[in-house]
Structures are given as structure tokens and as C-alpha cells.
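What follows is a set of notes on a single structure, which appears directly below.
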Amino acid sequence: MSATPHQPTVTEREARQVAEAAREQDWRKPSFAKELFLGRFRLDLIHPHPMPADEDAQRGEEFLAKLRDFCETEIDSARIEREARIPDETVNGLKELGALGMKIDTKYGGLGLTQVYYNKALALVGSANPALGALLSAHQSIGVPQPLKLFGTQEQKDTYLPRCARTDISAFLLTEPDVGSDPARLATTAVPDGDDYVLDGVKLWTTNGVVADLLVVMARVPKSEGHKGGITAFVVEAGSEGITVENRNAFMGLRGLENGVTRFHQVRVPAANRIGPEGAGLKIALTTLNTGRLSLPAMCVGAGKWCLKIAREWSAAREQWGKPVAFHEAVGAKISFIAATTFALEAVVDLSSQMADENRNDIRIEAALAKLYGSEMGWLMADELVQIRGGRGFETAESLAARGERAVPAEQILRDLRINRIFEGSTEIMHLLIAREAVDAHLSVAGDLIDPDKSLSDKAKAGANAGVFYAKWLPKLVAGQGQIPGAYGEFRREVDLSPHLRYVERGARKLARSTFYAMSRWQGRMETKQGFLGRIVDIGAELFAMSAACVRAELLRKEGDHGREAYQLADAFCRQSRIRVEELFGRLWSNTDDLDRKVVEGVLSGTYAWLEEGVIDPSGEGPWIADATLGAAKRENVHRPIR
């Protein structure tokens, strides 16, 4: 599709350069996941499992108790689903509880919870109603509080954080009708005018945007004298003149979500509301997401726990052929998958969150892996629950209740969880983002070798640097602890987890060798091998999850809290995970990627159009992408702040 008149037209290379410039370039702190992709299994970075301070744990547990009482008595999930709207009194109740300020420091009126307890709170609220979890997450994980905490001036923090902690809902506005994960084409502009910027543009899928009081808006500042320009972040009052919420969007799930289309027309924003310098907007967004992404897998943990509860209760009560369906192997395998995966996913989220709180490690890859793995596994667990429930899994809770059965919203959780594979970076984008970080060490020493724009002297220098790096690195991939019987013996109990950790160590080295071989084989074309890169990342995610599961099991054993059972669940998960890893390793080199590309070319050229004959397309009329031409709003403003 051609760009609209106001939309920047960029080449693929220019788009990549914009994304690359927004990356956090340096690794100042150790990273377990980064080391894993390099073939180094640094168990010491995650074991013994880091723990929250007693004061943080006490404050967190006290709030969780209050929040649980509120969720059980004040949240009517069936009503939210029925009316497709969260009642104002529910939102106001959460405000009074302080839930808007869970991650905001106490000196600004917030609760000052750690990432660990913030995520536990989201899991709890999200289990009561996922749309409420999304509201709180969008407000605090990517909305105004987090970017101001990391990049805001003291004046901005003093002005806005107290409001965000108690009364004002915030939203994050980046996506546009024709701009998703390619921000180089961002069309919303912020033109300097004296002490202000003037914003014009249209933003799509603005979660919380319909009810928001404050917005974080990403807009392009034109380069001019005295202005560096580039994509820049602003705090904007949602009630400003010229802002119109043109539509409240409706979705297959999260029916209470206040998500809309927001138009900016000649909206004046004081320069004091700019977050960070001009051109730093994407870096701010990506840095915010480093920990912000943990909110989605946290809610997937909550969903997994609920799926397990329903599967257990239903499968014990439902009998077929003389015994409960749980004891039929086909159903039992699904229950085992849900239980083991829930344990591992909670291990991944808690470990990543505690590392974020301690700030000793760089967790950008861990958080991204948690989001990727959590969203994919959460969806699979919900799908298995629907299958276990059979026809009742496909039936709505309201219909079940109407005919006298327990109102179990299994089909709803399937619909609600589906968006997590798209939210805050789709699975496909997460694969590319993580893959880029995973090969960063290689590109740092050998990137110029495969860059067509580099001179021969640059390539020669890169070749020398690469030779030194690989001469030291490659020999270390030949042998390791994973080949020593008895290694990781501290994980050998009644159930022995040490073989799984040895497998992870061997798997990490094999993963690194595979990556090196692929870079040697494809060189500059490596970035186009998205199928291969996706499998590399998926293997890393499984190895990370296995590591986290074993470390969590040992933690619970030491605490005397279900240690034996935790070891059993970790063992089950690792055995299931290893089967997936072996399949992924096989598919690195045995796949249909090349054939798939040829088929796609045929589909798009119309070669297979005959295959589409014999059906009716019930789609309505209209363009594939809505017109986002700049100008004044022509539709009614549906913005409705909650008071």
C-alpha cells in the first residue's frame, strides 16, 4: 500500500537503521539469557534464586490480601463480559485501594511495590477479569509512570506521578493505522512553535485511551535549526483542545477494554512535557518495555493457575467409561502439560521480576523471552482446557448458568488470552527482537564483514577482530559441565533434576554452534531467515524456562514449601520441554522455509487464486487500512474520564 501524503516513505534499510538506533547498545551488566545464547550456561547468575527483602515482601503481601478481598467482593466479571464495560465504581474502588500506584514510589503517593509483587497483583486481578488486568498494566507498565520514572525530570515526576498514583489513568500511544512494528514510518508530527510543540496525527489501538487522563504520545519532530528532531515522547493531557477519541474499539476478547482511536489536531503541548531529548522516543519506549513486558506473562501465570484449577475439578467430577476423565491418558496428558507449564512459567516470571528488582543483571532478553513464552504457552493451556471441557468449553458461562450448570468461562479465557500473542510486540516481532540481541556479540565483532556498505579496510579490520574473538570462543563450545556425570549434583534429590541442567548446558553450546554456522553460511542474508531465527529463539526460551523451573524447585525445597512436589513438576516440565527442544533443533535444518517462500510468491501473484473459489466472503466494504489524513475530527468525541 502506498503511503498517505503525510506519511514518511522509507526503505527497508532505513527502517532497520531506525530500529537499530533505538536499541540499547551496551551491555553494562551480566545477562543470563545473553550468555545462554552464546553457549555459556551461567547458572551462578540465577542460583541460588534471588529473594525479595523482608520489608518488600511484607508490604507486598499486605496489599495482595486487600486486593484479593476486593477482587472477590467487588469485581463482577460476568457483568463486565455482558456489558462490555468495566463499571466506573469498580475502577474507582481500585483507585481508592491504590492499585493505580502499585509501581509508583511512596514519596509520590504510590504503594512502592516491587516488580515481583506488582506482577503477583496483576495475576490476581487478571484472573478476576483480564480486562481489568490490562487496564492496570497499560497504565503502569507502559503508560506515564514508567517512562517518567526512568527518564522524566524531577519537575515532571512531582507533577504527574501523584496524579497517576491515585486518580489519573494513563495510556501509551505509539501505533498508527498504517504503522505497527515499523516506527520509521511514524506519521504523527510534533512541530516546535515557541515554547510549545503542535501535535497532529492519528493513533490506533490506544489501550486505556478512551478513559485516560494522561497520555504518553510518540510523535516525529521535524529536524530544524535548534531541533535535533526524530521520534520523541511527550506527556499530554488527554482533555487538551484538539484531541478527539473517535472510536471505542471492540474485540473478540477483553470486552471491557477501553481501547480506541485518538486524533490530534493542532494540539499544543508545552516543551516542558517532553520526556527526554528529541529523538529519544523509541529508546524510551523500548527501555520502558524491558520490564514492562513482564506484566503480560504475569497475567498468563494467573490464567494457567485458573486453567489448572478448573481442569482438576472438572476432570475429577466428569466420568466416562467407568472412571474420571482425568485418568484417561489422552486427557491426563493435557492436565500434566497445564500443571507443569504453569509451574515453569511462574518460575520464569518470578525469577525475571526479582532480577529486575535487584538491578544486578540486564534482563532485557529475559523479559522478552518471558513475554514470548508466556503468551504462547498461556494460549496453549487455555486451548487445552477448552478441549478438556469438551462442548462445555465452547459454551459461554452465561449459557451454562442458564441451563443450571456451573458458569465456567473457559471460552472467554481463550478469547481473552489470544491478544497476548500480539500485544506489546507480536510473537513474530519478539522472535526478531530477541534474535537481534542474541547475535549482538557476533555483530559487534563481525558485523562490518557482512555489511555491503562498509569499505574493504573496514571489512579487513572486522575480519581481524572476528578472528581473535572466534579463536577464543569456538573452542569453549566443544565441551562443558553438561558432559560431566554428576555435575549440578546439588539438584539431585528424590527426583533428580541434575540431568536436565546438564542438558541445558549442552543445549546452550549446541545453540551457539548452530547460530555461528548459520551466520557463516548466510552472512548478510541471516536477517532474512526469520524461520531459522524464530526457532533459535524458541530453543533459548525453552532452555531458560527449564533453568528457571529447576532453580525454583530447589528454592521451594530449601524453604520447605512443597519442595518434593516442586521437584516433580520441574522434572515433568523439563522432560516435556526437552522433547520440544529436540524437535526445534531438527527443524533448524530440516524445514520447508524455502518452499514456503515460493508458495507465498504464488499466492500473492494470483497463481493459486482458483483455490479460493466456491466460498462467499462475508466481509464488509471499505479500505483495508482506515484513512488517517491529518485534520480536524469529523466524529463525536467518545472520551470519558472516570471520576
Legend entry - Furthest towards positive pole of dipole, M430, G226, A138, structure part the chain, Cβ charges: M430
Inset, instruction - Kindly state, to the nearest 0.05, the FRET efficiency for T73 paired with S399, given R0 = 30 Å and r defined as their beta-carbon distance. - result: 0.70
Inset, instruction - Go through the range 352-444 and name the GluC sites (Glu not before Pro) that are in a DSSP coil and have 15 or fewer other Cβ atoms within 10 Å of their Cβ. - result: E405
Legend entry - Heavy atoms of R248 accessible to a 1.4 Å probe, total area in Å² rounded to 10: 60
Inset, instruction - Could you order D200, D76 by accessible surface area, starting with the largest, using a probe radius of 1.4 Å? - result: D76, D200
Legend entry - Test item: Cα-centred dipole of the chain, Lys/Arg +1 and Asp/Glu -1 on Cβ, debye: 1520
Inset, instruction - Order the following by accessible area, largest value first: Y503, Y118. Probe radius 1.4 Å; ligands, DNA and RNA are ignored. - result: Y503, Y118
Inset, instruction - Post the alpha-carbon centroid distance, the range 473-521 to the range 201-230, in whole angstrom. - result: 46
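How about the range 571-640: which trypsin sites (Lys or Arg not before Pro) there lie in a loop by DSSP and see at most 12 other Cβ atoms within 10 Å?
Within the range 571-640, the qualifying trypsin sites (Lys or Arg not before Pro) (loop, at most 12 other Cβ atoms within 10 Å) are K634, R635.
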Inset, instruction - Calculate, in nm to one decimal, what K459 and Y517 gain on full extension: separation in residues at 0.36 nm each, minus their alpha carbon distance. - result: 18.9 nm
Inset, instruction - Determine the shape class of the range 292-345: with a ≥ b ≥ c the square roots of the Cα gyration tensor eigenvalues, call it rounded for a/c under 1.5, and otherwise prolate if a/b is greater than b/c, oblate otherwise. - result: prolate
Legend entry - Inverse of mean 1/r across different Cα pairs in the chain, Kirkwood, Å: 26.3
Legend entry - Nitroxide proxy distance, nm - points 7 Å out along Cα→Cβ at E490 and D193: 6.3
Legend entry - Solvent-accessible surface ranking, highest first, for W306, W205, W522, W473 at 1.4 angstrom: W205, W306, W522, W473
Legend entry - Listed pairs K228/K461; K157/K223; K223/K634; K29/K371; K510/K598; K107/K228 exceeding 23 Å between Cα atoms: K228/K461; K157/K223; K223/K634; K510/K598; K107/K228
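Let's test the formula: R0 of 22 Å, r as the Cβ-Cβ distance of L604 and W624. What FRET efficiency results, to the nearest 0.05?
For L604 and W624, the calculated efficiency is 0.95.
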Inset, instruction - Would you please put 607-617, 251-261 in order of how densely packed they are, using the mean number of other Cβ atoms within 10 angstrom per residue and starting with the highest? - result: 251-261, 607-617
Legend entry - Additional length obtainable on full extension of the chain from E583 to F251, 0.36 nm per residue less Cα span: 116.1 nm
Inset, instruction - Pop a pseudo-label 7 angstrom from the Cα along the beta-carbon direction at both E559 and E329 and give the gap in nm to one decimal. - result: 3.6
Inset, instruction - Keeping all protein chains in position, work out how much accessible area V551 exposes to a 1.4 Å probe, and write it in Å² to the nearest 10. - result: 0
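Calculate the FRET efficiency for Q266 and K66 from the Cβ-Cβ distance with a Förster distance of 51 Å, rounded to the nearest 0.05. Each step should come with its number before you reach the end.
Working: r = 44 Å, r/R0 = 0.87.
In this case the efficiency is close to 0.70.
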Inset, instruction - Pop out the carbon and sulfur fraction of the accessible area of the chain as a percent, whole number, probe 1.4 Å. - result: 54
Inset, instruction - Within 10 Å, count the other beta carbons around each residue, average over each peptide in 132-138, 189-195, and list them highest first. - result: 132-138, 189-195
Legend entry - Nearest-10 value in Å² for the accessible area of D561, using the 1.4 Å probe: 70
Inset, instruction - May I ask you to give the solvent-accessible area per residue for the range 433-583, in square angstrom, as obtained with a 1.4 angstrom probe? - result: 45
Legend entry - Segment S240-A407, length gained on full extension (0.36 nm per residue, minus Cα span): 55.8 nm
Legend entry - Whichever lysines have a C-alpha closer than 18 Å to that of K323, once near sequence neighbours (fewer than 8 apart) are set aside: K334
Legend entry - Distance from the range 169-183 to the range 68-118 (C-alpha centre basis), Å: 25
Legend entry - DSSP-loop GluC sites (Glu not before Pro) across the range 19-119, with at most 13 other Cβ within 10 angstrom: E24
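The values are calculated or read from the model by the stated rules, or taken from the named source; none is laboratory data. Predicted model, so just to flag it, every value in this text is computed and none were measured. Here Cβ is always computed from backbone atoms with ideal geometry, including for glycine, and neighbour counts include all displayed protein chains. When the accessible area is computed, the model is the full protein with side chains, heavy atoms only, and any ligands, DNA or RNA have been set aside. Shrake-Rupley method; radii C 1.70, N 1.55, O 1.52, S 1.80 Å.
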